Structures are given as C-alpha cells and as structure tokens.
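Asker: I'd like to ask some things about the structure below.
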Amino acid sequence: MSNNIDARPISWSGGSTIMYKSNFMMTSYYYHYSPSYKYSLGLEYIDDKHFDEKYVNFRTTYLLNRINTDNSQGNLYLTGSLSSESSSHYNYGFHGDWETRRIFTSFSFIDKNTNVRDYNESELQLGIAPYKGEYNDLHTWIMLKSKRDTINDQWDTYPFIKLFKGDFLIEIGTDNSHWDIHYMMRF
C-alpha cells in the first residue's frame with residue numbers, strides 16, 4: 001500500500017528519514033537511519049517550549065509486529081530515547097496503527113522523564129480518505145487528533161489534514177490557535 005508512509009517510523013533497509021514536528025509543547029528536528037526494516041536509529045534535536053530547554057536525543061524505534069492483509073496493514077512499535085542532558089533524561093513508549101486505503105487509526109503512549117518533571121503523553125488519531133488515490137497520486141486524509149499529557153491533564157481534540165505523495169508527507173492542524181505541524185521526507 002502506498003499510503004503507509006506515516007505508519008512506518010522505520011524506513012526500508014538502508015533508508016533514511018528527516019522529520020520536523022512543532023506544536024505548543026516543543027519543536028523537534030529528527031534524522032534516522034534504518035539498518036533494517038525492523039528498527040531505526042537516529043538523532044533528534046528538541047526545543048522544549050514548555051520547560052525552556054534545548055537538547056539532543058539519541059532515539060531508536062523497533063517494529064514489534066506487523067500484520068499485512070489484502071486490504072489493511074497494522075503495526076506495533078516500541079520506541080525510546082536518551083537525552084544529551086543526563087542519563088535521567090529519557091523516554092520510552094509504544095505506538096501503533098491500523099489502516100486501509102480509506103481509514104487510518106493510530107495510538108501512542110510515551111513516558112517522558114526530564115530533569116524538570118516526569119510526565120506522559122497519549123495520542124489517538126482517526127482519519128478518512130475522501131478518495132482512494134493510486135500509487136503515485138497525492139493522498140489526502142481528513143483527520144481528528146486527540147492528545148493528552150499529564151502536565152495539563154486534559155484531552156485536546158482537533159482536526160488536521162494529512163497530505164502525502166511518494167516520500168513526502170505533511171500534516172497541519174490547529175489546537176486552540178496553536179499550530180501542530182509535522183513534515184517528513186524519506187530517502
């Protein structure tokens with residue numbers, strides 16, 4: 001399926017990915033290399049807006065399980081990172097997704113341990129494609145994202161749009177006038 005670019009935080013064996021994410025909590029610049037389709041290794045520069053910190057994470061993601069059927073794909077990943085700040089500044093968690101050419105769902109849970117405060121983040125996404133694109137077409141998803149962190153201790157739900165073509169993806173949404181942006185390029 002051509003529409004699983006966002007579903008895979010691991011590239012093909014020998015592939016690389018560059019990502020940019022920005023929201024009201026932080027901005028992240030991330031590069032990873034995938035020695036195998038089962039895992040990726042990378043560096044992530046974080047500008048933490050909430051705690052006013054800047055640091056680099058060594059980050060890894062491992063594919064625990066993938067289920068391919070004729071009409072859908074599901075993935076379950078384990079992820080973790082260690083910060084340049086200290087050995088007590090790290091995070092770990094899991095995320096997964098299931099998708100068809102028309103429906104996309106995902107979830108994640110990340111436990112974040114920082115020098116300032118420990119907290120966790122949860123996220124759910126649900127989306128629908130208004131049309132079924134062919135392999136090289138521009139793919140469009142109309143999405144709802146629901147996020148919660150234990151700092152603010154509330155669920156925020158907001159719409160966003162996901163567009164991708166080939167090895168490029170962009171997601172744009174807004175949560176209470178805060179932009180939530182994600183850009184990805186694979187090579």
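Asker: Within the range 126-172, take every residue that is among the basic types (Lys, Arg) and in contact with a strand residue (DSSP E or B) (Cβ under 6 Å, 6 or more places away or on another chain) and give me the one that is farthest from residue 108 (Cα to Cα).
Answerer: Only one residue tops the list, namely 162.
Asker: Suppose we keep only residues that are among the β-branched types (Val, Ile, Thr) and in contact (Cβ under 8 Å) with a residue 24 or more places away in the chain within the range 47-66. Which one would you say is nearest to residue 26 (Cα to Cα)?
Answerer: The residue in question is 56.
Asker: If you take the residues in the range 127-139 that are in a strand (DSSP E or B) and modelled with pLDDT of 95 or more, which one is farthest from residue 154 (Cα to Cα)?
Answerer: Filtering first and then ranking leaves 128.
Asker: For a quick check of your reading of the model, give me the residue pairs whose first member lies in the range 113-133 and is of a type in the set (Phe, Trp, Tyr), whose second is in a strand (DSSP E or B), with beta-carbon atoms closer than 6 Å and at least 6 apart or on different chains.
Answerer: Within 6 Å, the pairs are 119/112; 119/149.
Asker: Being hydroxyl-bearing (Ser, Thr, Tyr) and in a loop (DSSP other than H, G, I, E, B) is the filter; apply it to the range 142-187 and report the residue that is modelled with the lowest pLDDT.
Answerer: 177
Asker: Answer yes if at least one residue in the range 116-126 is over 27 Å from residue 50 (Cβ atoms) and surrounded by 15 or more Cβ atoms within 10 Å (Cβ to Cβ), and no otherwise.
Answerer: no
Asker: So which of 45, 37, 33 ends up being closer than 23 Å to residue 173 by Cα and either touching a Lys or Arg at 6+ places or on another chain (Cβ under 6 Å) or surrounded by fewer than 17 Cβ atoms within 10 Å (Cβ to Cβ) (or both)?
Answerer: It is 45.
Asker: Right, another one. Within 23 Å of residue 159 (Cα to Cα) and either crowded, with 17+ Cβ neighbours inside 10 Å or touching a residue at least 60 places away in the same chain (Cβ under 8 Å) (or both): is that true of residue 101 in this structure?
Answerer: yes
The values are calculated or read from the model by the stated rules, or taken from the named source; none is laboratory data. Note that the structure is a prediction, hence the values are computed from the model and not measured. Here the Cβ is made from the backbone with ideal geometry for all residues, glycine too, and neighbour counts use every protein chain on show.
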